[in-house]
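Report on one structure; see the data block that follows.
The values are calculated or read from the model by the stated rules, or taken from the named source; none is laboratory data. Nothing here was measured: the structure is a model prediction, and the numbers come from that model. Neighbour counts are summed over all protein chains in view; Cβ atoms, including those assigned to glycine, are modelled from backbone coordinates with ideal geometry. Please note that ligands, DNA and RNA were not included when accessible areas were found on the heavy atoms of the full protein model with its side chains. Shrake-Rupley method; radii C 1.70, N 1.55, O 1.52, S 1.80 Å.
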Amino acid sequence: YDPATFVPTSPVSQSYKAVVLENDYVRLTFLPELGGRLYRWEDKVTGRNLLYNNPIIRPTGWGYRQWWLPVGGLEWGLPVEDHGLVEWRPWNYTTATGQNTAAVIVSTTDDRTGLRASIRIELDSSHSYFTLTPTLTNPTTGTLPFQFWMTALAAPAGDNHAGADLRFDLPVSAMLVHTTDDKSLPVGQTISWPVANGRDMSVYGSWREFLSLFASPSASQPYAGLYSPRADQGFVRSFPPEIARGLKLFAPGNLPPWVWTSDDSNYVELWGGLTTNFSENATLQPGSSFAWSENWYPVHGIGNFVWANKDVALSVNETSGSVTVGLYTTSAQSLTVTLFVNGQQAARWDA
C-alpha cells in the first residue's frame, strides 16, 4: 500500500532468510528478519502446518502503530500492548546444540525503552513439544514498565483457513469483551464462557463480527489451545498461569479477507501474556531479568481435548450409551487409564 493514500500498489517479491529447527515430530521455521517470528510449525506426523502464513505482507490499520503486519506465525509483542512495536523489525538470532537438544534463540532491544527480549525455542530428540523460554531484561538505571504478549496466528487444519468448526479450548468460566462490532456483546464487560446468551462462543462459527476477548480475571489453568474437527488436528500450549496470566482470543469474524491478504485465507489468534489485559503493565527493576518456560505441541487423532499438560492431552467424548477416551502423549510412555462413572470404576486400560 501507498502509506499516504492507502491505495494498493504493485506487489514486489522479497526473500527472507529462514532458520529451520526440527526433530522426528515437528519442523519449525523462523524468519529472524521479520520480528524473529516462528513462521511455520509443521506436525511431521500429519504433514500439516498449524500456523497461518499470509501469502503477502500487507500492513493493516490495526495495532499500536496502526500498520501492524499480519505476516502470520507466532510473533512477539513488546514493549507496549497489542502487537507491540517490533514485529516488523529484523531480530538477531543464534543457535545452540546439546547432546539431545537443539535451539534457536532470537533477540532484540527496543530502542524506545531499552527493553531486551530473548526468545529461546528448543527441541529435544524424544518429545513432540517445543519449549519456549522468553527472557526479558531491563539494562537501564530506572524502573521499566512494559507489556509482553505472544500471538499465534493459527489455522490448525493445515489449509490456511480457520474454519467455522474450529474450537477454542480455554479452561475459564468468563471472558472480558475487549472490542467488537457485535452489538449483542457488552464491550468492557464480562460474558460467561463457553456459552454466553445461548451461543457456544468456543465454536468459531458462532462469532458474527470481529471480536477480542481476555480471560477474566486471568488465566487459571496450565493449558489452552485450538482444535479443528474437520482435520482432527489442533495444538496445546502448556504454561504456568501464575506467571503468564494473560490469555486472549481474537478473530476477524466476518471482516473481508482483503483487509489483510490477497486471497480468501483467514486465521484466529491465540494470545498469551504476562499481564491480564492491555490496561495493566509489568515492571522490571533496574538491571533485572525475568524468564519462564512453557511447552507447545500438536495434537491429532483423539478428538477435541478437554484437559492437557506438557506430557499428555486428554479427550472424553460421550454419546448415547458409550464414551470414548483419547490420549495424545508428547513422548513414548506406558500409562494406565481409568474411567470412573459416578465415582465408580467403570473401565481400565493399559496404554
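Here is how the numbers come out for the structure above:
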read-out	value
Euclidean distance between Cα centres, the range 26-59 to the range 159-185, Å	22
Amide hydrogen neighbours beyond the local backbone of V236, cut-off 5 Å, H modeled	Y297, V299
Whole-Hz couplings from phi, Karplus 6.51/-1.76/1.60, listed for the range 214-225; x for Gly and Pro	10, 4, 10, x, 5, 4, 10, 10, x, 7, 7, x
Cα centroid of the range 274-290 to Cα centroid of the range 188-234, whole Å	26
Probe 1.4 Å, accessible area per residue of the range 93-183, Å²	38
Pairwise label distance in nanometres, S125 with A346, each label 7 Å out on the Cα-Cβ vector	4.3
Shape of the range 27-165, Cα gyration tensor, a/c cut at 1.5	oblate
Amide H contacts under 5 Å for N266, placed H, 5+ residues apart	H161, A162
Net charge, R89 excluded, C-beta distance under 10 Å - Lys, Arg +1, Asp, Glu -1	-4
Span from the the range 102-152 Cα centroid across to the the range 322-351 one, whole angstrom	37
Built amide H within the under 5 Å cut-off of R89, gap 5+	G35
Total charge dipole magnitude, the range 218-351, about the Cα centre, Cβ charges on Lys, Arg, Asp, Glu only, Debye to nearest 20	200
Ranked packing of 287-297, 144-154, most packed first, by mean Cβ within 10 Å	144-154, 287-297
The range 240-351, accessible area per residue, ligands and nucleic acids excluded (1.4 Å, Å²)	49
Total formal charge among the other residues, if their Cβ is under 12 angstrom from that of N309, Lys/Arg +1 and Asp/Glu -1	0
Sulfur and carbon atoms: percent of accessible area, the range 1-138 [1.4 Å]	48
Signed unit charges on C-beta, dipole axis of the chain, positive-most listed residue V323, G142, N304	G142
Cut-off 12 Å between beta-carbons: net charge of the residues surrounding W292, Lys and Arg +1, Asp and Glu -1	0
Normalised alpha carbon radius of gyration of the chain [divisor 2.2 N^0.38 Å]	1.00
Mean separation of Cα contacts under 8 Å (6+ apart) over length of the chain, as relative contact order %	15
Cα gyration tensor shape for the range 165-248, rounded if a/c is under 1.5, else prolate or oblate	oblate
Within the accessible area of the range 167-268 (1.4 Å probe), percent carbon and sulfur	52
